[in-house]
C-alpha cells in the first residue's frame, strides 16, 4: 500500500488527451494537466481557439499540441488516437469532454437530425474513444474521465430532452466500461457538472443567471476551472481507488 497520495502530484512523463480541449471546461482542463507536467493533446474543431489555449499553456511553461478533430466522424476519432500513439508512443490520461447541446425547444419540435448530432457527439464519440483508449492503456495503466452532466441524472431544464438523454446514456456506458477495464489497470470515471459558466451554458437561453445561481445551495455558478480540478484529481494517484464513480461538480444541485 502506498502512502497517502499527494493531490498536487505531477503528471510528468504522461500524455493527456482532452477532447473539446480548446474552450470552456476543456480548455481549463488542458491548462491544468499541462501545469502539472503532462504533454497535452487538444482535440477540437476550431484551430484558432485551440491555438489560443496552447499559447496560454506555453506561456506558463507547459507543453501542448493540437490535432484538429471532428468527434462526430468515426474515421477522425480513429486517426486522432493513431496519431497520438505514433507520435508519443503512449496515452496515459484521456478526458472525453467534447459535447453538444441542442437549442432549447420542446421534444415535439426537435428533429431526427438534431438527435443524431447530439448522440453522435455525446455518446457515439465517447464509445469509439473509450474503445481506443482502453486498448492503448491496458496492461500499463491509465485514467479515463468522461464529462457528462447532472442533466443525465436529474434534468434541471425542460427543453433539453435529447441532451439529457444522451448524458444519461453516456453515464451508463462509462460505468459499464469502468467495470470491464478495471482489471486491466485502467480506471474510468465520470464527472457530472452542474451550472458552469461556459459558452454552451451562455448559449442555452437560460438567461437569468442570478436566478439560476440563487437556486443552488452554494448560491453561485461554477467555473470551468472547478470542473477541471475534479478531472485532475480523478486522473491522479490520489484517486487510485476510485472506479466507475459519477462525481457531481454541481454546487449542491443533486442534493436538492
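Listing for the model above:
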| quantity | calculated |
| --- | --- |
| Given (1) closer than 26 Å to residue 196 by Cα; (2) surrounded by fewer than 15 Cβ atoms within 10 Å (Cβ to Cβ); (3) modelled with pLDDT of 95 or more, number of the condition residue 98 does not satisfy | (2) |
| Verdict on residue 177 being under 19 Å from residue 122 (Cβ atoms) and modelled with pLDDT of 95 or more | yes |
| Condition check for residue 80: touching a helix residue (DSSP H, G or I) at 6+ places or on another chain (Cβ under 7 Å) and either within 22 Å of residue 120 (Cα to Cα) or surrounded by 15 or more Cβ atoms within 10 Å (Cβ to Cβ) (or both) | no |
| Any hit, the range 49-65, residues being touching a residue at least 40 places away in the same chain (Cβ under 8 Å) and crowded, with 17+ Cβ neighbours inside 10 Å | no |
| Yes/no for residue 159 being surrounded by fewer than 16 Cβ atoms within 10 Å (Cβ to Cβ) and either within 15 Å of the chain's Cα centre (by Cα) or modelled with pLDDT under 95 (or both) | no |
| Options 146, 123: the member that is crowded, with 16+ Cβ neighbours inside 10 Å and assigned to a strand (DSSP E or B) | 146 |
| Output for the range 29-48, where each listed residue is more than 15 Å from residue 93 (Cα to Cα) and buried (at least 20 other Cβ atoms within 10 Å of the Cβ) | 44 |
| Residue tally, condition in a loop (DSSP other than H, G, I, E, B) and either within 22 Å of residue 30 (Cα to Cα) or touching a strand residue (DSSP E or B) at 6+ places or on another chain (Cβ under 8 Å) (or both), over the range 216-256 | 10 |
| Selection from the range 185-194 of residues that are at pLDDT below 95 and more than 15 Å from the chain's Cα centre (by Cα) | none |
| Test: residue in the range 97-110 that is outside any loop (DSSP other than H, G, I, E, B), touching a residue at least 12 places away in the same chain (Cβ under 8 Å), farther than 11 Å from residue 17 by Cβ and touching a helix residue (DSSP H, G or I) at 6+ places or on another chain (Cβ under 8 Å) | yes |
| Matching residues, the range 217-243, being surrounded by 16 or more Cβ atoms within 10 Å (Cβ to Cβ), touching a helix residue (DSSP H, G or I) at 6+ places or on another chain (Cβ under 8 Å), at pLDDT below 95 and farther than 16 Å from residue 97 by Cα | 221 |
| Single unsatisfied condition, residue 168 versus (1) at pLDDT 95 or above; (2) within 30 Å of residue 11 (Cα to Cα) | (2) |
| Residue check for residue 118: in contact with a strand residue (DSSP E or B) (Cβ under 7 Å, 6 or more places away or on another chain), surrounded by 21 or more Cβ atoms within 10 Å (Cβ to Cβ), closer than 25 Å to residue 249 by Cβ and modelled with pLDDT of 95 or more | no |
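The values are calculated or read from the model by the stated rules, or taken from the named source; none is laboratory data. Just so you know, these numbers come straight off a predicted model, no measurement behind them. In this analysis, Cβ positions are derived from the backbone assuming ideal geometry, glycine residues included, and neighbour counts consider all displayed protein chains.
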